[in-house]
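K.L.:
My questions all concern the structure below.
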């Protein structure tokens with residue numbers, strides 16, 4: 001049976017979409033590897049800077065200031081990385097849905113064939129709390145929040161704010177950061193659902 005132009009196009013589209021799905025998975029994997037190295041390096045550098053300035057300066061408060069600068073700047077970069085993970089998730093979902101649409105088109109015309117792969121064009125859901133991609137995003141939000149907490153605590157200690165007040169203020173900012181980034185992630189991914 002000869003293929004129509006539409007079917008030839010859909011065959012090519014299907015192949016390209018599968019390639020794109022692998023591409024987004026590879027991008028996510030590469031960004032994940034970079035991120036682990038990045039966060040490890042920031043943690044080691046923070047400890048090193050804190051110890052160096054704590055030992056070499058008579059005023060140990062300076063060690064808090066340098067550590068705070070490094071950690072707070074790292075959170076800015078970490079937030080960008082987290083948003084990039086969200087974007088990769090969105091692109092991956094759109095591509096997977098296209099694959100399912102094409103699969104559905106062909107399988108509906110076959111008698112007695114039951115596909116083991118999804119044919120529903122509405123899956124995967126972009127915001128699926130069970131998704132490992134979403135778990136990764138949440139882990140990075142939490143890691144950024146921890147770095148923000150420590151950085152802000154160091155900054156407040158550098159500014160000679162009491163320890164307990166510094167802890168409470170830093171924790172408050174941590175909570176706001178987590179909630180805002182979580183809502184932003186949910187908003188971006190839910191927007192692609194419509």
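K.L.:
Working carefully through the options 102, 107, find the one that is over 17 Å from the mean Cα position of the chain (by Cα), surrounded by fewer than 16 Cβ atoms within 10 Å (Cβ to Cβ) and in contact (Cβ under 8 Å) with a residue 12 or more places away in the chain.
P.N.:
Exactly one of 102, 107 is over 17 Å from the mean Cα position of the chain (by Cα), surrounded by fewer than 16 Cβ atoms within 10 Å (Cβ to Cβ) and in contact (Cβ under 8 Å) with a residue 12 or more places away in the chain, namely 107.
K.L.:
Can you tell me which residue is surrounded by the most Cβ atoms within 10 Å (Cβ to Cβ) among those in region 23-43 that are without any contact (Cβ under 8 Å) to a residue 24 or more places away in the chain and more than 17 Å from residue 144 (Cβ to Cβ)?
P.N.:
Looking at residues that are without any contact (Cβ under 8 Å) to a residue 24 or more places away in the chain and more than 17 Å from residue 144 (Cβ to Cβ), I get 23.
K.L.:
Separate question: Answer with yes or no whether residue 78 is in contact with a helix residue (DSSP H, G or I) (Cβ under 6 Å, 6 or more places away or on another chain), assigned to a helix (DSSP H, G or I), in contact (Cβ under 8 Å) with a residue 12 or more places away in the chain and surrounded by 18 or more Cβ atoms within 10 Å (Cβ to Cβ). Steps first, please.
P.N.:
Numbers: in contact with a helix residue (DSSP H, G or I) (Cβ under 6 Å, 6 or more places away or on another chain): yes; assigned to a helix (DSSP H, G or I): yes; in contact (Cβ under 8 Å) with a residue 12 or more places away in the chain: yes; surrounded by 18 or more Cβ atoms within 10 Å (Cβ to Cβ): yes.
When the stated conditions are applied, residue 78 passes them.
K.L.:
Then there's this: Assigned to a helix (DSSP H, G or I), surrounded by fewer than 14 Cβ atoms within 10 Å (Cβ to Cβ) and either at positive phi or modelled with pLDDT under 95 (or both): is that true of residue 160 in this structure?
P.N.:
no
K.L.:
In region 44-75, which residues are buried (at least 18 other Cβ atoms within 10 Å of the Cβ) and under 19 Å from the mean Cα position of the chain (by Cα)?
P.N.:
Passing the criteria: 71, 74, 75.
K.L.:
A follow-up question, please. Would you call residue 20 surrounded by 13 or more Cβ atoms within 10 Å (Cβ to Cβ), within 19 Å of the chain's Cα centre (by Cα), modelled with pLDDT under 90 and assigned to a helix (DSSP H, G or I)?
P.N.:
Working: surrounded by 13 or more Cβ atoms within 10 Å (Cβ to Cβ): yes; within 19 Å of the chain's Cα centre (by Cα): yes; modelled with pLDDT under 90: yes; assigned to a helix (DSSP H, G or I): yes.
Here the answer is yes, as residue 20 does meet what is asked.
K.L.:
Residues of region 175-194 being within 24 Å of residue 70 (Cβ to Cβ) and either within 17 Å of the chain's Cα centre (by Cα) or not in a helix (DSSP H, G or I) (or both), which ones?
P.N.:
Residues of region 175-194 within 24 Å of residue 70 (Cβ to Cβ): 175-178, 180-181.
177, 178, 180, 181 - these are the residues of region 175-194 that are within 24 Å of residue 70 (Cβ to Cβ) and either within 17 Å of the chain's Cα centre (by Cα) or not in a helix (DSSP H, G or I) (or both).
K.L.:
So residue 127 fits all but one of (1) under 22 Å from residue 70 (Cα atoms); (2) surrounded by 17 or more Cβ atoms within 10 Å (Cβ to Cβ); what number is the exception?
P.N.:
Of the numbered conditions (1) under 22 Å from residue 70 (Cα atoms); (2) surrounded by 17 or more Cβ atoms within 10 Å (Cβ to Cβ), the odd one out for residue 127 is (1).
K.L.:
A follow-up question, please. Of the residues 124, 129, 118, only one is closer than 30 Å to residue 13 by Cα, at pLDDT 85 or above, touching a helix residue (DSSP H, G or I) at 6+ places or on another chain (Cβ under 6 Å) and outside any helix (DSSP H, G or I); which? Break it down stepwise before answering.
P.N.:
Values: 129 fails: touching a helix residue (DSSP H, G or I) at 6+ places or on another chain (Cβ under 6 Å); 118 fails: at pLDDT 85 or above.
Sole residue among the options that is closer than 30 Å to residue 13 by Cα, at pLDDT 85 or above, touching a helix residue (DSSP H, G or I) at 6+ places or on another chain (Cβ under 6 Å) and outside any helix (DSSP H, G or I): 124.
K.L.:
Testing residue 97 on (1) surrounded by 16 or more Cβ atoms within 10 Å (Cβ to Cβ); (2) over 24 Å from residue 185 (Cα atoms), one condition comes back false. Which one is that?
P.N.:
(2)
The values are calculated or read from the model by the stated rules, or taken from the named source; none is laboratory data. Here the structure is a predicted model, which is why all the values come from computation and not from measurement. All Cβ positions, glycine included, derive from the backbone under ideal geometry; neighbour counts span all protein chains shown.
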